[in-house]
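Structure first, then comments.
The values are calculated or read from the model by the stated rules, or taken from the named source; none is laboratory data. This is a predicted model, so every value here is computed, not measured. We place every Cβ from the backbone using ideal geometry, glycine too, and count neighbours over all the protein chains shown. These accessible areas exclude ligands, DNA and RNA; they are computed on the full protein's heavy atoms, side chains included. Shrake-Rupley method; radii C 1.70, N 1.55, O 1.52, S 1.80 Å.
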Amino acid sequence: MSKRASRNLKEEAIRYALMATATLSIVTTLGILFSLMGETLFFFREVSIFEFLTETEWTPLFSIKKFGIWPLVTATALVAFIALAVAIPTGLLIAIYLSEFARPRVRDVVKPVLEVLAGVPTVVYGYFALTLVTPILQEFIPGLRIFNALSAGIVMGVMIIPMVASLSEDAIGAVPQALREGAYGLGATRFEVATQVVVPAALSGIVASAVLALSRAVGETMIVSIAAGQNPTFTLDPRVPIETMTAYIVQVSLGDTPFASLEYRTIFAVGTMLFILTFAMNIFAHWFVRRFREEYD
């Protein structure tokens with residue numbers, strides 16, 4: 001075999017290996033979807049999809065069974081909203097500071113600290129919310145229960161701050177330096193350049209980071225299982241116990257529920273709803289980035 005033919009063979013082998021790696025993620029996603037859909041279809045043979053989507057009581061583990069998904073959906077949305085209210089402003093300010101104001105030495109210290117924060121196990125965050133944040137909040141907020149959505153959402157927001165900060169900083173860093181220099185040439189201050197030139201130019205990347213953080217918050221399990229409680233109540237009051245979709249899946253997966261029973265199949269119906277929600281958010285983020293992405297030559 002000639003040297004040129006051997007080189008072409010290696011190139012083809014590398015191409016097929018990379019293609020197989022890319023295909024693996026698609027096959028994995030399809031496998032997850034297939035495993036969810038099978039049990040979900042069995043579930044909806046016994047439970048009306050109209051009841052599932054319209055009722056406001058969720059008690060499949062009680063003697064009187066109700067299968068309205070809304071208490072789990074509203075609880076998930078409530079905790080995610082609180083988390084984003086903490087993570088987006090803080091993460092964006094950190095990103096602006098690191099990209100536009102911080103000295104290289106400061107940036108070299110702050111970024112690793114943020115990465116350490118991202119590496120803390122979520123079970124630690126859960127007990128942090130339950131044993132420290134909740135007692136502190138109870139000093140200021142009357143009626144706040146031991147298990148509540150507020151402390152779980154706040155701590156979840158702290159957990160996803162590094163994601164928002166890192167992705168937003170990448171988006172801000174991709175803005176061409178010529179835009180900054182042009183604004184400085186017109187007499188703008190550093191703050192005006194950062195807030196009126198750089199951030200708008202990086203808006204698509206910043207929004208994408210926020211949507212990805214939302215997906216992370218919706219799918220988070222341990223913090224809400226430990227700190228938010230397991231009470232599927234249809235409420236938007238952050239002071240009371242709630243139960244998110246992921247916390248319910250954990251509750252049923254502990255092993256007490258008989259396999260292949262209707263109660264067991266509820267976790268697949270809830271999982272399918274969770275998959276649809278996160279999939280829709282990722283599609284929105286992808287569309288937003290493509291629609292509003294700024295391209296510079």
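You will find that of Leu33, Leu9, Leu41, the residue that is under 23 Å from Asn282 (Cα atoms), part of a helix (DSSP H, G or I) and of a type outside the set (Ser, Thr, Tyr) is Leu33 and no other. Every condition in (1) touching a residue at least 24 places away in the same chain (Cβ under 8 Å); (2) within 21 Å of the chain's Cα centre (by Cα) holds for Leu262 except the one numbered (2). Scanning the stretch 142-174 for residues that are open to solvent by less than 10 Å² (accessible area, probe 1.4 Å) and among the hydroxyl-bearing types (Ser, Thr, Tyr) yields a total of 2.
Determine if the stretch 48-56 includes at least one residue that is closer than 28 Å to Val155 by Cβ and in contact (Cβ under 8 Å) with a residue 40 or more places away in the chain. Yes, that holds for at least one residue. Only one entry of Val224, Val218 meets the criterion of being closer than 30 Å to Val199 by Cα and open to solvent by less than 90 Å² (accessible area, probe 1.4 Å), and that entry is Val218.
For the stretch 86-107, enumerate the residues that are out of contact with any Lys or Arg (no Cβ under 6 Å at 6 or more places or on another chain) and open to solvent by less than 50 Å² (accessible area, probe 1.4 Å). Please lay out each step first, then the result.
Residues of the stretch 86-107 out of contact with any Lys or Arg (no Cβ under 6 Å at 6 or more places or on another chain): 86-97, 99-107.
Those that are out of contact with any Lys or Arg (no Cβ under 6 Å at 6 or more places or on another chain) and open to solvent by less than 50 Å² (accessible area, probe 1.4 Å): Val86, Ala87, Gly91, Leu92, Ile94, Ala95, Ile96, Ser99, Glu100, Ala102.
Listed conditions (1) surrounded by fewer than 22 Cβ atoms within 10 Å (Cβ to Cβ); (2) modelled with pLDDT under 90; (3) not charged (D, E, K, R) are all met by Gly205, apart from (1). Where helices (runs of 4 or more DSSP H) sit wholly within the stretch 189-297, those with at least 1 residues that are charged (D, E, K, R) occupy 190-193, 203-219, 262-292.
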